[in-house]
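Chemist: Below is the structure I would like to discuss, written out as structure tokens.
Nothing in this text is a laboratory measurement; each read-out follows from the coordinates by a stated rule. Since the structure is predicted, the reported quantities are computational estimates derived from the model, not experimental observations. Methodologically, a virtual Cβ is constructed for each residue, glycine included, from the backbone with ideal geometry; neighbour enumeration extends over all protein chains shown.
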Amino acid sequence: MISDPFFYAMAVPAVILGGLSKGGFGGGVSMIGFLLMTLAVPPLQAAAIMLPILIVMDVVGLIAWRGIYEKRSLVILLPAALCGIGAGWAAAAFVSNDMIRLMVGVVALMFVADYGLKGKRRDIAGSHNPPKGMIWGAMSGFTSFLCNVGGPPYQMYMLPLRLDPKLLAGTTIIFFAVVNAVKVGPYLVLGQFSPVNLATSAMLLPLAPLATLAGVKLIKAINPADFYRFTYALMFVAGIKQAWDGIDGLAG
């Protein structure tokens, strides 16, 4: 088990934020949590430590949001996400941590720019676009595998649909429950479930269901307009941080 106090100073808030996200309170929350963990350990190790915790959160979220989802989105996004997981598995040995950070940061900033450029049109619900959904679904699976940050690409497709926050939350929990379950096998093959990582996951695990249920309560109480503003604002901050760290590392 990791014994570094600084790691836990970063990891405990990360798990809480991840639980809020799993409960439906915005994918940007989870991304910021992952950023905190990568201040203490490499991205792939942080992803491996978080994966068992996320799976427990998925179970809690599936129970809390049972029967609430938008089928068409899952049909478009999930097959592409599974292809993205395969690509992430193949690339894991060749993509540097700094490249991962830069890639995720750029996607997040594209996500926010798309929202800002639409102006008043951002409040108009979009329609499904299967080719676009397959691109963002594959990228979500890819980045989720490498660093547990599949939220920004996923939301690039989902948020413009302007679904009711509850419907979006239910669809999101199903999408990432499937993605996380599929990631277990490749992580085992890559040796990421080491005794140290699993023991660290177990230490953090009790926070998972409590944080997820807190997220469920928040999303059921919040105003939809506030929900979307909050999500995009968090994504901007997280995207700037990821992109800066990636550029700094690659240039160093």
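Chemist: Fewest to most neighbouring Cβ within 10 Å: what's the order for K183, K166, K241, K71?
Modeler: Least crowded to most crowded, the residues run K71, K166, K241, K183.
Chemist: Could you give each residue of the range 51-66 its phi-based ³J(HN,Hα) in whole Hz, using Karplus coefficients 6.51, -1.76, 1.60 with θ = phi - 60°, and x for Gly or Pro?
Modeler: Computed from phi, the couplings for the range 51-66 are 4, x, 5, 5, 5, 4, 4, 4, 4, 4, x, 4, 5, 5, 10, 4 Hz.
Chemist: May I pose another question? Can you tell which of A233, Y187, L39 lies farthest toward the positive end of the dipole of the range 5-251, using +1 and -1 charges on the Cβ of basic and acidic side chains (Lys, Arg; Asp, Glu)?
Modeler: Going by the Cα projections, it comes out as A233.
Chemist: For the range 5-251, what is the relative contact order in percent, using Cα pairs closer than 8 Å and at least 6 residues apart in sequence?
Modeler: Once normalised by length, the contact order is 40 percent.
Chemist: Okay, next question. Dipole size in debye (nearest 20) for the range 5-251 around its Cα centre, Lys and Arg Cβ +1, Asp and Glu Cβ -1?
Modeler: With only Lys, Arg, Asp and Glu charged at Cβ, the dipole is about 680 debye.
Chemist: Fewest Cβ neighbours within 10 Å first, please rank W136, W65 accordingly.
Modeler: W65, W136
Chemist: Starting from the Cα gyration tensor of the range 97-214, take the square roots of the eigenvalues, sort them a ≥ b ≥ c, and report rounded, prolate or oblate (rounded when a/c is under 1.5, otherwise prolate if a/b is larger than b/c, else oblate).
Modeler: Prolate, since a/c reaches 1.5 and a/b exceeds b/c.
Chemist: Quick one: among N148, N223, N180, which has the greatest mean-square fluctuation in a GNM of the chain with alpha-carbon springs under 10 angstrom?
Modeler: N223
Chemist: If you rank D58, D114, D98 by fewest surrounding Cβ atoms within 10 Å, what's the result?
Modeler: Ordered by Cβ neighbours within 10 Å, fewest first: D114, D98, D58.
Chemist: Then there's this: Under a crude label model (7 Å from the Cα following the beta-carbon direction), how far is V184 from A221 in nanometres?
Modeler: In this crude spin-label approximation the distance works out to 3.4 nm.
Chemist: If you don't mind, there's one more thing I want to ask. Using only Cα atoms, find the angle between the long axis of helix 5-22 and the longest principal axis of the chain, and express it within 0 to 90 degrees, rounded to the nearest 10.
Modeler: 30 degrees
Chemist: 7 Å from Cα along Cα→Cβ at both F6 and A113: what's the point-to-point distance in nm?
Modeler: Result: 3.3 nm between the two label points.
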